[in-house]
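Scroll down for the structure; my scribbles are underneath it.
Quick note: the coordinates plus some simple rules give every number you see, no bench work behind them. What you see is a predicted model; the values in this text were computed from it and never measured. Here the Cβ is made from the backbone with ideal geometry for all residues, glycine too, and neighbour counts use every protein chain on show.
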Amino acid sequence: MPEEGLNFSKKSQILSYEEMERLISILANLGVSKVRITGGEPFVRKDLVPFMRAVTEIDGINKLSITTNGTGPLSQINELKHMGIHAVNLSLDCLDKDRFKAITRRDEFDQVMRYYHALLEAGIKTKINAVVMQEHNLEDILPMSELTLKDNVSVRFIEEMPFNGGSKGYTPIEWNYKKILNHIQSAHPNLIKLTDEQSSTSYNYQISGAKGSIGIIPAYTRTICGSCDRIRLTPKGELKTCLYQNGGFSFRDFMRSGASDRDIENKFKELFNQRAKDGFEAEKQKSSTSDSFESMATIGG
C-alpha cells in the first residue's frame, strides 16, 4: 500500500457480485477452470464468502483460490475449508514483528501468524507470497525458506515489480531470481530443483528433507512469460492480459451498455488474440503512452 494511501472507488464504479459471476460463467464456457480472488484485501468487501460459494458452483470452475493478508478472523478458515477452497496465498514479507510493521504499516504480525498456523491445522493448501525488497527484508529470505523444513507450505519469493507501492518506476532491481536463488543455495547447497508445471509462474525448489517447497517468481525479469496463461480482471472490470500493460478494456462498461453473453465472449476472444507476447512487449506499449505505473494495490496484488 502506498504510504499516502489510495483514493477508494465509489461502489457504482466497481463490479457487483452478480456482474463478476456473469463474467466468470462466460470465461468458464471459454475454458477457464481456475479462479483466484486477490486484492488489496479481499475480505474487506462485505459478503465475500457467499460470493465465493457461488463461484464454486459455476459449471467448469474446478479450483477457487484466494490471496489474503491474514488479518481477518480465524473463523474465515472454517468457511474456506467447508467450501472446498483449493489454496490460500498468504501475503507475508518477513518473519520479524518490527519489520512487518514497517513494511505493512500495521502492527498485526501476531494475528497473521495465528492465521498461518490455523490454515495449516485445517489442512488447507497454503502458500506464502513474499516480495523481496532490498531495503526491507533480505534478512528474512533464509528464515522464510526454512519454514518449509517443518511446515508443509510453499514459500514463494517474488521479484519486486516497479509498481510495488507505485514508487519504483523503471529502476532495475538487484535482487532478481538468480540472486535470490544463489542466496538460498549459499545456506542450502543441496537445494533440489522440482519439476515446474507447464503454466507455472515460479521456479520451484526444495531443501533436502523439507516438508514444503520454495518458489521464486521472476515477476520483474519475466523469464516465465512464454508459459503464462493468466488473465486479470480489476475491481472496475478492466481486463489485463499482462500486469505490465497500460489500462485495459472495461467489461463493466460493456456489460452495462447492454452487451449480450455472446458479445462478451467474442470480446474476450478478440482481446486474448491481441495479448502481448511477453511482459517486455507490454511494458514497451505502456511506456509509449505513460511513464508511470499504477499501484499494485489498485489492480490486484
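Brief remarks on what is shown
- Anisotropy class of region 67-218 from Cα gyration tensor, a/c 1.5 cut: oblate
- Tensor-based shape of region 94-146 (alpha-carbon gyration tensor, a/c under 1.5 rounded, otherwise prolate or oblate): oblate
- Ranked packing of 21-31, 128-138, most packed first, by mean Cβ within 10 Å: 128-138, 21-31
- q = 0.15, 0.21, 0.24, 0.25 Å⁻¹, region 47-105: log10 I(q)/I(0) [Debye, one scatterer per Cα]: -0.55, -0.84, -0.99, -1.04
- Fully extended contour minus Cα-Cα distance, from residue 134 to residue 63, at 0.36 nm per residue: 22.1 nm
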